[in-house]
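Comments concern the structure below.
The values are calculated or read from the model by the stated rules, or taken from the named source; none is laboratory data. Predicted model, so just to flag it, every value in this text is computed and none were measured. Glycine also receives a Cβ, built like all others from the backbone with ideal geometry; neighbour counts cover every protein chain displayed.
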Amino acid sequence: MDSIANFLFEVGMLSKTPRSGYQFLGSGEESVAEHILRTVFVGYTLCKMDESVDELRVLKMCVLHDLPEARTGDMNYVNKKYVNVDEEKAVSELTESLFFGNDIREVIKEFNRKKTKESLIARDADQISLILKLKECGDLGNKYSEEWINFALQRLTTDNGKKLAERIINTDSSQWWFKEKGSWWINGNSR
């Protein structure tokens with residue numbers, strides 16, 4: 001039970017680990033845990049768009065793909081030019097004492113290998129999570145977010161991922177809550 005308790009404390013570190021690329025973008029911030037949560041919801045959505053995939057495997061990859069960052073931190077594209085992270089060692093050490101550690105290792109390996117349909121969907125979910133955050137930054141005035149979105153779009157591999165991303169970039173990020181611009185915004189009620 002000690003190893004399980006330690007694992008769950010380690011998972012908590014993801015909420016304290018910032019996604020580091022936003023320092024270069026100049027706006028936006030999120031923790032690795034926040035990114036993972038949105039990635040899970042995107043992965044779930046992509047699975048509903050293609051019911052031929054193993055939803056559980058996709059969701060496991062979405063949940064676990066950035067788990068090593070509790071140990072390594074988030075390495076953005078500038079960091080990766082200069083720093084080599086030993087993710088394999090991080091995964092090995094964080095899973096070695098867990099009776100379900102092999103499952104975590106295999107899920108992360110599948111995600112990183114990019115060979116299965118499920119891994120490609122999970123990877124698209126990861127990129128679409130980023131695209132959503134960048135779109136929000138762009139809608140609030142960040143002039144660089146569109147260029148970053150264009151690079152993320154090039155990383156997408158599934159047809160549904162590409163279709164969903166296209167819809168996202170053509171949707172105002174405030175539309176879900178600010179689409180009815182009527183008297184409620186004046187009077188505070190729907191009458």
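Table for the structure above
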read-out	value
Any pair with Cβ under 7 angstrom, 6 or more apart, that starts in the range 82-96 at a residue that is buried (at least 16 other Cβ atoms within 10 Å of the Cβ) and of a type in the set (S, T, N, Q) and ends at one that is part of a loop (DSSP other than H, G, I, E, B) and at pLDDT below 95	none
Subset of the range 105-155 [within 24 Å of residue 29 (Cβ to Cβ), touching a Leu at 6+ places or on another chain (Cβ under 9 Å) and aliphatic (A, V, I, L, M)]	122, 125, 128, 131, 134, 149, 152
Index of the failed condition, residue 143 passing every other in (1) out of contact with any Gly (no Cβ under 6 Å at 6 or more places or on another chain); (2) surrounded by 13 or more Cβ atoms within 10 Å (Cβ to Cβ); (3) of a type in the set (D, E, K, R)	(2)
In the range 72-104, the residues that are farther than 24 Å from residue 128 by Cα and of a type in the set (Lys, Arg)	89
Residue pairs meeting the criteria (Cβ under 8 Å; at least 6 apart or on separate chains; first closer than 16 Å to residue 65 by Cβ, in the range 6-33; second among the polar types (S, T, N, Q) and assigned to a helix (DSSP H, G or I))	31/15; 32/15; 33/15
